[in-house]
Each structure stands twice: as structure tokens, then as C-alpha cells.
Amino acid sequence: MAIEVKIPTILRTYTDGSKSVEAKGDTLSALIDDLDGSHPGLKGRLITDEGALHRFVNIYVNDEDVRFTGSLETQLKDGDTVTVLPAVAGG
Amino acid sequence: MRYESLVDAFGDTPLVGLPRLSPRWEGENPVRLWAKLEDRNPTGSIKDRAALAMVQAAEADGRLTPGCTILEPTSGNTGISLAMVAKLRGYGLVCVMPENTSVERRQLLEMFGARIISSPAAGGSNQAVATAKQLAQQYPDWVMLYQYGNPANAQAHYEGTGPELLRDLPTITHFVAGLGTTGTLMGTGRFLREKVPDIQIIAAEPRYGELVYGLRNIDEGFVPELYDDSVLTSRFSVTSYDALRRTRELIEHEGIFAGVSSGAILHAALSIADRVATADKSADIAFIVADGGWKYLSTGAYSGSLQQAAEKLEGQLWA
């Protein structure tokens, strides 16, 4: 099960500059573990030592913020797109 | 309606149905969309509510006195609203605005007599906030109202937008608005949640081009102090392409000429509406039209193919 993960500019040092990488997992948590296997260190930028999503990181599955869909336990299926973005101001 | 002056003529905006874009307008289990036309405020955007409330609150607590200069980081609409209020009440205004905002916004601000300090395009509004905070330290006599953390911003919607929506749509099931300062969603959301226990509060935030996310590291990220995610039930990130597509559909099918961020809000509203319709349930979904399209004509949002327009908009702040 391949899922496309879009990586923001500031985290591309972990993906050799790639904008988008593939990873596997039935849940977001499993996907991030898989990502960290192929791109070591990435997990630490997304998840805090306490195991929560970093305050200034937003992760979306098909454009929906995972904090409202089960957070790290959000279910994934083939063909989903995961987008990682830093939190920025609007207004 | 008759008002004492322009600042008294804000709010009480129309709520209009979208019979053509709604999944099921009539019949069994209707799923209906309703647009709250906030472009009908004095300077043409929803920000008039927050601007006036923040000025009144600062006057009431004595921070703002005659002759004062107001300082505010803004991508445009809040600045324009503040500029109008400041002009009528005799204050100066300094706006810190990212340089990648539309020329119309700058022209409007200058016409109202505001001074604009540009912050670099890279970093978007984050950079404008940081620059404004530095200026506030340099010029301690300037009064920064700070829309991202000022409770009067959310309170304006708790007292205005929320009650107006419930009055006009007592059967409301969903409320959808843009997430910038978060004031609209926090204030309206809290009010509606108290009155309509099962209500869904949905946020639409713009997804910009790479440039706008040009932070040096994750810790430079920004979450407005007003934001409390327990008020929301879902949050969508909407690309420029989808926002533009929906903005054009609003004109094409319902005759509503809205700004680009309203297209993003409609996109989120339609995602939810389609889910409800597929589940054979009914819903009354109210969403915000934050401003009209006038200030974005120069961005090319309304001409040429969608793809071309989306490319032109890349790197611009449109919400």
C-alpha cells in the first residue's frame, strides 16, 4: 500500500530534497514510522518526545487536518495523499 | 435602514441560499448551503466587525486615546477596516503587510491614509507578525491591537455573526469559515455550540505556494493565541486551484462575486455537504463570504483558464 507524502521545503533535508516521497502504513502513526525508516530523523521533526504531533506541524490526509480525524490513529488507504505543512499565520 | 455614521452600519449582513450549488435544495432530506455575505460591511469585508470591536475595547480600557497611532500586522482586510475606523475616530495607522498582497489592498490603505510597512514575501503573514512585534518594542507609544490574540476579535463574532446566523437559520447544522486569525471561527463557533449542541464547526485554511512557507525551521511556525481547536470539528487545507474553481462557480451558478478565500470556504462546505447528501441525511450549512472579488482583479483570479489563474496566484496571499 503506497501513500504519497508531500514534504514541505524546511523538511526536505531529510528527503534529499524530494518534494514528495512514498511510504506505507494503515494508520498515520505506522506511516510515520515507515517514513522514519527510509528518512531517518523525520519522525522527530513531526512528533514530540511525548508522542503528540508537534505544535507547529499540520498533517493533512486528502486535505483534512488529522487532528480532527483521529490524529496519529487516522486510518489510511491506498491512494490517499498525506501533506505535511508548517503552521503559518493568516489574516 | 438609517445609521448615525458609517461605523454604525456594520453587521446584520444578508444570508442567501445557494439553490443551484446545494446538493439537494428541495425534497426529502435537503442539504442546503447558505452564504453569509460579509462583503456587505462598510469597507467590504468581515474584518470590519473585528476592527471596530478591537478599537472600542482599546478605547474602553484606556489604551487608545485621541491622537494615538495604531499598529497592526495584516494581509490587508483588517488593515483596510482599521484604516476606516481610525480615520473616523482620529487615530493614525501603521500596517505591517507582506509585500505579496494585491495592489488593490495597498491602494485602499493609502487612500484611507494608512502608512504601510512591507514585510518580505517569504514568510508571509508570519513575517508580518514578527516585524510588527519588533516595531511595537521600538515604538512603545504605538498601540498594537494584535488581531491574532485580541479577545475582542472573537467576541465581535460571538456577539454579532453567531446570533445573526441563528436568527436567520434556526435549523443550522454546520458553520464553515476561513481560518486566519481564527476570530470568526472561535467567536461564532462558541456561540453556536452553546445554542445548537450538535453543530459542526468547520475551518477552511488556504494552502499557499512554497514561498509563503519559507520558514527557516519548524519552530518559527505560528498558531494564533486565539486558536482553540476544541471549538472545531474539522479543518480543511484548500489549494489555490480549488479555491479559484469554487470562486468562479459562485459567480457562474449563483451570481455571487466573492474573493478567493470565500471560494476556499465554499470548497470545504461542499466537501461536507456531499458527505451528508451521500449518507441520505439533511443539513443546513452556513458559510462565510468574507469579501467581494474587487480587491483581487489584478491577481488574474477571474480571467484566463483556471490553471493559468492558479499559477498566477501562487506565492500571493489571498486570504
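Read-outs throughout are calculated quantities, based only on the coordinates presented, and are distinct from any laboratory measurement. Keep in mind that this is a model prediction, so the values were computed, not measured. Here the Cβ is made from the backbone with ideal geometry for all residues, glycine too, and neighbour counts use every protein chain on show.
In peptide B:225-235, what is the residue-averaged number of other protein chain Cβ atoms found within 10 Å of each Cβ?
Mean shielding by partner chains, rounded to a whole number: 2.
Which Cα, out of B:T43, B:Y208, B:I218, lies furthest along the positive dipole direction of chain B (beta carbon charges, K/R +1, D/E -1)?
B:T43
If you filter the range B:1-47 for chymotrypsin sites (Phe, Trp or Tyr not before Pro), then keep DSSP loop positions with at most 16 other Cβ within 10 Å, what is left?
B:Y3, B:W25
What is the calculated FRET efficiency for B:Q134 to B:N29, with r their C-beta to C-beta distance and R₀ = 60 Å, to the nearest 0.05?
Efficiency, from the Cβ-Cβ distance: 0.65.
Compare B:P197, B:P30, B:P120 in a GNM of chain B, Cα atoms joined below 10 Å, and give the one with the largest fluctuation.
B:P197
In whole Å, what is the distance between the alpha-carbon centres of the range A:24-61 and the range B:110-183?
31
Using θ = phi - 60° and the Karplus curve 6.51 cos²θ - 1.76 cosθ + 1.60, what whole-Hz ³J(HN,Hα) does each residue of the range B:17-33 get, with Gly and Pro shown as x?
Per-residue couplings from phi come out as x, 10, x, 8, 8, 6, x, 9, 6, 10, x, 6, 6, x, 10, 10, 9 Hz.
Kindly work out what percent of the DSSP beta bridges joining two residues of chain B are antiparallel, to the nearest 5.
Antiparallel bridges: around 15 percent, rounded to the nearest 5.
Count the net charge of all other residues whose Cβ sits under 11 Å from the Cβ of B:R20, scoring Lys and Arg as +1 and Asp and Glu as -1.
With Lys, Arg at +1 and Asp, Glu at -1, the neighbours total -3.
Treating the angle as unsigned and between 0 and 90°, give the value, to the nearest 10°, between the Cα long axis of helix B:77-89 and the longest Cα principal axis of chain B.
Tilt relative to chain B: about 50 degrees.
Assuming a ≥ b ≥ c are the square roots of the Cα gyration tensor eigenvalues, decide whether chain B counts as rounded (a/c under 1.5), prolate (otherwise, with a/b larger than b/c) or oblate.
Since a/c reaches 1.5 and a/b is larger than b/c, the shape of chain B is classed as prolate.
If you average the C-alpha positions of the range B:1-79 and of the range A:62-90 separately, how far apart do those two centres end up, in angstrom?
If you average the Cα positions of each part, the centres end up 30 Å apart.
Number of Lys pairs in the protein assembly as shown with C-alpha atoms less than 18 angstrom apart, excluding same-chain neighbours closer than eight positions?
Going through the protein assembly as shown pair by pair, I get 11.
Counting only C-alpha contacts under 8 Å and six or more residues apart, can you give the relative contact order of chain B as a whole percent?
Computed value for chain B: 22 percent relative contact order.
Hey, what number do you get for chain B at 222 nm if only DSSP H runs of n ≥ 4 count, each worth -39500 (n - 2.57), divided across all residues, to the nearest 500?
-11500 deg cm²/dmol
Going by a ≥ b ≥ c, the root eigenvalues of the Cα gyration tensor, does chain A fall in the rounded group (a/c under 1.5), the prolate group (a/b larger than b/c) or the oblate group?
Working: a/c = 1.25, a/b = 1.05, b/c = 1.19.
Verdict is rounded for chain A.
Using a/c under 1.5 as the rounded threshold, could you call the protein assembly as shown rounded, prolate or oblate? The axes a ≥ b ≥ c are square roots of the C-alpha gyration tensor eigenvalues, and prolate needs a/b larger than b/c, oblate otherwise.
Judged from the Cα gyration tensor, the protein assembly as shown comes out oblate (a/c at least 1.5, b/c at or above a/b).
Which one, B:T184, B:T13, B:T65, has the greatest fluctuation when you compute a Gaussian network model over chain B with C-alpha springs under 10 angstrom?
B:T65
Helix B:47-60 versus the longest principal axis of chain B: what is the Cα-based angle in degrees, 0 to 90, to the nearest 10?
40
If each residue of separation counts as 0.36 nm, what is the full-extension length gain between A:A52 and A:T81 once their alpha-carbon separation is subtracted?
8.4 nm
Residue farthest toward the positive end of the dipole of the range A:3-86, with Cβ of Lys/Arg at +1 and Asp/Glu at -1: which of A:T74, A:I10, A:L35?
A:I10
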